[in-house]
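Each remark here refers to the structure printed beneath this line.
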Amino acid sequence: MATTRRYVKPIVRPQIYARTPPDRTRQQVGLVPGPALCTGFLLFPPFDVSPSANAALAVTLWIAVWWVTETIPIPATSLLPVVLFPLTGVVAIVVLTYTWLPIAVALVG
């Protein structure tokens, strides 16, 4: 009688990393297009809307690009409107301060 040999698959153990390394390529890709889109929309408005609405759209595009690509950490990206909205004339700094101050106090205190 002939004996047949059975094939036994070797056990392959996956490598376990304590922390996945950051994807630097994706982060670097988003570095330039965000501010470039913002500048392009500010200089050449594509829609016939008020300048403050166009500036809000431009800043929102910048934030969206940086949020998706995680060029900077997401909490830092969420602070961009606080800086960019007064600079681009979307909202006055006084109105923005009164809007954001209760939220900041609630988060800190």
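Does residue 71 satisfy the criteria of being in a helix (DSSP H, G or I), of a type in the set (S, T, N, Q) and either at pLDDT below 95 or out of contact with any strand residue (DSSP E or B) (no Cβ under 8 Å at 6 or more places or on another chain) (or both)?
Details: in a helix (DSSP H, G or I): no; of a type in the set (S, T, N, Q): yes; either at pLDDT below 95 or out of contact with any strand residue (DSSP E or B) (no Cβ under 8 Å at 6 or more places or on another chain) (or both): yes.
No.
With respect to the conditions (1) β-branched (Val, Ile, Thr); (2) assigned to a helix (DSSP H, G or I); (3) surrounded by 12 or more Cβ atoms within 10 Å (Cβ to Cβ), residue 94 lacks only one, and its number is (3). If I filter the stretch 49-60 for residues that are at pLDDT 95 or above, among the β-branched types (Val, Ile, Thr) and surrounded by 16 or more Cβ atoms within 10 Å (Cβ to Cβ), do I get at least one hit? Within the stretch 49-60, one or more residues are at pLDDT 95 or above, among the β-branched types (Val, Ile, Thr) and surrounded by 16 or more Cβ atoms within 10 Å (Cβ to Cβ).
The values are calculated or read from the model by the stated rules, or taken from the named source; none is laboratory data. Predicted model only: the values in this text are computed from it and were never measured. With ideal geometry, Cβ positions are generated from the backbone for all residues, glycine too; neighbour counts draw on all protein chains shown.
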